[in-house]
Amino acid sequence: MQKREVQHSVNSLGKEKVLLRHILTICFLLISILCIQGAGITSPVQAAGKSGSPEMTNVRWAVSKDAATGVAKLRLVFDVSGPVQVSSSVSESPSPRLTIDVKGAGRGSVPDTLDFDGNFINKVSVVGKTEDTSTLLVDIPTVLGDGDYRVFTLRNDPAANRPYRIVIDINKPVPPVVYHFTPGLEDKVIVLDPGHGGSDPGAIGLTGTYEKTITLSVAGKVKKLLEKAGAQVIMTRQDDCDVAWRNATDVAELSARTSVANNNKADIFISIHTNAFTNRTVGGAAVYYSAKSMYDSLLAQSLDSALTQNSKFADRGIYRGNLYVTKNTLMPAALIEMAFISNPNEEKLLCSPAVQQQIAQNIVNGLDRFFTEAARLGGN
Amino acid sequence: MMRMRLKVLPWLLWFVLSSFLLVACSSDTNKNNNTPADTTKPPEQTADTGKTPGNAGSKQVVVYFPTRDAMFLMPETRKVSAGQDPVRSSMEMLIVGPESRELEAIVPQGTVLRNITIKDHVAYVDFSNAIIKKNPGGSTTELLLVGAIANTLTEFPDISGVRILVEGKQVETLTGHADLTGVLGRSEEMIKKHK
């Protein structure tokens with residue numbers, strides 16, 4: 001009995017020791033976690049504040065897609081501990097590079113190289129020059145035009161816990177696809193997509209004209225002219241029907257249209273529409289495209305120039321658009337908004353067979369112009 | 001009883017510690033993965049979003065509307081009275097239309113804001129089906145509408161992108177032109193640049 005009690009007290013003494021060790025370990029771990037957390041979030045800023053020389057404290061990035069144009073953009077942000085000035089330039093050789101000189105901040109705790117996947121950027125090198133000047137060397141896959149990048153600074157905002165920042169926006173470059181187009185319309189495979197149809201009337205004019213009726217009528221006229229010139233034409237719909245099936249989901253309907261072009265290995269896809277807006281005085285023709293290759297903008301430009309010839313409609317120009325059919329076709333594609341059906345004057349004109357014939361002829365001329373230009377770019 | 005407590009206590013402490021560790025780690029990774037690179041706009045386009053302008057308890061929001069010629073979007077700075085959710089209010093103001101005569105309403109009349117939630121910096125904005133049924137159609141209207149929604153909501157620092165829902169369901173397009181699959185980001189290109 002006595003023995004057991006002694007044994008017990010020894011045991012409990014051992015347990016208390018173990019408990020004490022546990023508590024000490026836990027305390028140690030807790031303290032180290034707090035240290036690590038603190039170091040990650042606040043310490044560089046504090047360090048900079050203490051030493052007095054401003055520096056970069058963090059770098060982050062994200063990709064987003066422009067809701068209206070569909071253009072993907074990479075935003076690269078450097079946090080800085082003080083106000084900075086930046087100046088940027090693009091050079092072509094030895095390889096495409098965006099150089100950003102930073103006045104007011106050293107490299108600080110930011111890594112000297114950051115590797116990227118090459119979609120927007122290949123590599124970023126951060127070179128600290130003096131205590132408070134540095135250079136960001138951004139290696140890019142292709143040379144950027146003026147509208148394809150932006151470099152700017154942002155002030156700090158203590159209320160929102162935001163430091164001073166250097167922001168670099170880079171648009172996704174147009175993929176360097178090369179087509180071997182020959183001049184002329186002969187033997188070209190053209191898919192024509194009369195917008196809307198069947199259960200979807202599209203836009204409706206003030207006097208009740210349906211967009212789907214006008215688009216089908218014009219597409220039919222384009223088909224005849226193209227076939228006369230020796231092209232092979234495939235229409236996504238021949239009459240007033242849904243292309244997928246009645247009341248199909250939106251994407252099923254749109255992908256049924258792009259599939260016609262993709263499955264037939266078409267050279268060009270043209271979607272024909274009429275535009276609309278609440279302000280009924282707005283009018284004019286516009287051409288939308290997605291920059292899958294440089295040929296898409298060339299196609300849009302060729303069509304738009306041709307559409308203005310002998311035209312009753314103002315020219316609104318060409319636009320990159322976040323549009324399903326131009327994005328999801330594998331070949332150069334354009335969506336033509338011939339005029340505004342919501343504008344009573346243009347609605348009337350759109351109903352005229354003579355005006356429709358002129359638009360059709362302009363579309364064919366635009367296609368012809370496209371193949372001439374595309375062949376010159378590096379076809380056979 | 002005492003022995004029980006002694007036995008259990010270390011495990012209890014370990015449990016507390018490990019859960020603390022877990023929470024600390026997961027909140028940290030969340031931060032790294034989901035914080036948008038910065039939704040803040042270039043300086044010439046910023047308006048003091050959601051900030052209290054000192055005097056009143058009211059806040060300012062920025063709502064985007066198309067120009068009368070349907071070429072661009074332009075920001076309009078509006079006041080939200082105290083106690084109202086600025087994000088929700090900004091969408092309701094977008095529905096009602098602009099104060100300026102130089103700008104046009106873009107959300108079809110009769111459209112109701114059903115709901116708006118924010119998750120992982122993406123705003124899920126749910127409209128009634130009038131946004132489709134009463135829509136005039138046309139690529140221009142659809143792209144201006146989508147751009148106005150995305151630009152108004154991404155004015156808020158916590159929102160980096162938008163998904164559009166109609167009657168509770170995510171939509172792939174509104175009127176058969178725009179591709180609304182995936183998160184929609186801000187459209188700088190559509191904003192009319194001031195000189």
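Under the condition of being over 17 Å from the mean Cα position of the chain (by Cα), of a type outside the set (Asp, Glu) and away from chain B (no Cβ under 13 Å), the residues counted in the stretch A:296-326 number 14. Looking only at the stretch A:128-165, residues that are small (Gly, Ala, Ser), farther than 17 Å from residue A:88 by Cβ and either open to solvent by 50 Å² or more (accessible area, probe 1.4 Å) or within 10 Å of chain B (Cβ to nearest Cβ) (or both) come to 2 in all. The residues of the stretch A:77-116 that are within 16 Å of residue A:56 (Cβ to Cβ) and outside any strand (DSSP E or B), listed by number, are A:81, A:82, A:83, A:84, A:104, A:105, A:107, A:108, A:109, A:110, A:111, A:112.
With respect to residue A:208, determine if the residue is away from chain B (no Cβ under 12 Å) and at positive phi. Yes: the conditions hold for residue A:208.
Being part of a loop (DSSP other than H, G, I, E, B), open to solvent by 30 Å² or more (accessible area, probe 1.4 Å) and within 14 Å of chain B (Cβ to nearest Cβ) is not true of residue A:329.
State yes or no: is residue A:266 away from chain B (no Cβ under 13 Å), surrounded by 17 or more Cβ atoms within 10 Å (Cβ to Cβ) and in a loop (DSSP other than H, G, I, E, B)? Against the criterion (away from chain B (no Cβ under 13 Å), surrounded by 17 or more Cβ atoms within 10 Å (Cβ to Cβ) and in a loop (DSSP other than H, G, I, E, B)), residue A:266 qualifies.
Just one of the listed residues (A:127, A:138, A:191) is closer than 30 Å to residue A:222 by Cβ and part of a strand (DSSP E or B), and it is A:191. Among the residues of the stretch A:367-380, those that are closer than 18 Å to residue A:293 by Cβ and not aliphatic (A, V, I, L, M) comprise A:369, A:370, A:371, A:372, A:373, A:376, A:378, A:379, A:380.
Among the residues here, residue B:181 does not qualify as within 19 Å of residue B:120 (Cα to Cα), more than 9 Å from every other protein chain (Cβ to nearest Cβ) and among the hydroxyl-bearing types (Ser, Thr, Tyr).
Scan the stretch B:154-173 and tell me whether some residue there is at the interface with chain A (Cβ under 9 Å from one of its Cβ atoms), more than 12 Å from the chain's Cα centre (by Cα), open to solvent by less than 10 Å² (accessible area, probe 1.4 Å) and in contact (Cβ under 8 Å) with a residue 12 or more places away in the chain. There is at least one residue in the stretch B:154-173 that is at the interface with chain A (Cβ under 9 Å from one of its Cβ atoms), more than 12 Å from the chain's Cα centre (by Cα), open to solvent by less than 10 Å² (accessible area, probe 1.4 Å) and in contact (Cβ under 8 Å) with a residue 12 or more places away in the chain.
Picking from residues in the stretch B:123-153 that are under 17 Å from residue B:85 (Cβ atoms) and among the hydrophobic types (A, V, I, L, M, F, W, C), the one that is surrounded by the most Cβ atoms within 10 Å (Cβ to Cβ) is B:153. Number of residues in the stretch A:269-292 that are part of a loop (DSSP other than H, G, I, E, B) and either at pLDDT 95 or above or basic (Lys, Arg) (or both): the value is 11.
The values are calculated or read from the model by the stated rules, or taken from the named source; none is laboratory data. Given the structure is predicted, the values throughout are model-derived calculations rather than measurements. Methodologically, a virtual Cβ is constructed for each residue, glycine included, from the backbone with ideal geometry; neighbour enumeration extends over all protein chains shown. The protein model used for the area step is the full one, side chains on, heavy atoms only, and it has no ligands, DNA or RNA in it. Shrake-Rupley method; radii C 1.70, N 1.55, O 1.52, S 1.80 Å.
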